[in-house]
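*Asks:* Okay, handing you the structure first.
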Amino acid sequence: MELSPDDRRPAYLQIAATLREDIATGKLGPGSRLPSGRELAQEFGTALMTVQHALRVLRDEGLVISQQGRGVFVQAPTEANPQALEPHPLEVAVATQLESIHLELSKMNELLTSIEQQLADWRGERREDASRDRP
């Protein structure tokens with residue numbers, strides 16, 4: 001499994017979304033043991049702390065449960081938590097903020113490109129003026 005470089009969400013939210021999808025589709029069914037944190041970190045090409053953060057999100061959503069010394073297991077969605085397979089509100093908020101930041105950065109990049117072009121044009125004009133002034 002690889003993280004998408006085009007996805008603007010932080011790596012831990014991408015990992016949480018991938019695991020959430022595996023749970024929702026039944027690839028990881030209730031009671032299934034998830035790979036170890038180190039295995040997941042290797043699969044996703046991230047640090048162990050990133051995977052632990054993703055698992056914390058899923059734990060907070062009620063999708064997985066950690067058992068000391070045994071691992072992390074998928075919990076069955078319960079009537080008490082029917083929205084467990086929906087994206088975490090934090091994930092939605094972060095994705096929205098990242099989209100806004102990306103839009104602003106695109107605008108700033110366009111402005112920077114325009115300013116750089118104007119500066120290059122101005123420098124070219126000055127060189128032309130300087131060469132005309134020389135005898």
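*Asks:* Give the relative contact order (percent, whole number) for the chain; include only Cα pairs under 8 Å separated by 6+ residues. Intermediate results must be reported in sequence, preceding the final value.
*Replies:* Numbers: 108 pairs, mean separation 31.5, N = 135.
Taking the mean separation of contacting Cα pairs over the length of the chain, I get 23 percent.
*Asks:* Label-point separation (nm) for S32 and A120, each offset 7 Å from Cα along Cα-to-Cβ?
*Replies:* So the two model labels end up 5.2 nm from each other.
*Asks:* Now a separate question. Would you grab the residues whose amide H sits under 5 Å from the one on V64? Only those 5+ places off in sequence or on another chain, please, with H modelled 1.01 Å from N.
*Replies:* When sequence neighbours closer than 5 places are left aside, the close amide H contacts are R59, Q75.
*Asks:* How big is the dipole moment of the chain about its Cα centre under a simple scheme where the beta carbon of each Lys and Arg is +1, that of each Asp and Glu is -1, and everything else is neutral? Debye, nearest 20, please. All intermediate terms of the calculation are to be shown ahead of the outcome.
*Replies:* Details: 15 positive and 21 negative charges, 100 e Å.
I would put it at about 480 debye.
*Asks:* Mind computing the radius of gyration and Dmax over the alpha-carbon atoms of the chain? Å is fine for both.
*Replies:* In Å, with Rg to one decimal and Dmax whole: 24.6, 89.
*Asks:* Give me the 1.4 Å probe accessible area per residue for the chain, excluding ligands and nucleic acids, in Å². The partial results should precede the final answer.
*Replies:* On the way: 9420 Å² over 135 residues.
Per residue, the chain has an accessible area of 70 Å².
*Asks:* If you roll a 1.4 Å probe over the chain with all protein chains in place, what percent of the accessible area is carbon or sulfur? Walk me through the intermediate numbers first.
*Replies:* On the way: 4970 of 9420 Å².
Whole-percent figure for carbon plus sulfur exposure: 53.
*Asks:* In what sequence, highest mean first, do 13-21, 101-109 appear when ranked by Cβ atoms within 10 angstrom? Present the calculation step by step, with values, prior to reporting the outcome.
*Replies:* On the way: 13-21: 21.8, 101-109: 10.2.
Highest mean packing first, the order is 13-21, 101-109.
The values are calculated or read from the model by the stated rules, or taken from the named source; none is laboratory data. Because the structure is a prediction, the values reported are computed rather than measured. Virtual Cβ from ideal backbone geometry, glycine too; neighbours counted across all protein chains shown. What goes into the accessible areas is simple: the full protein's heavy atoms, side chains included, and nothing from ligands, DNA or RNA. Shrake-Rupley method; radii C 1.70, N 1.55, O 1.52, S 1.80 Å.
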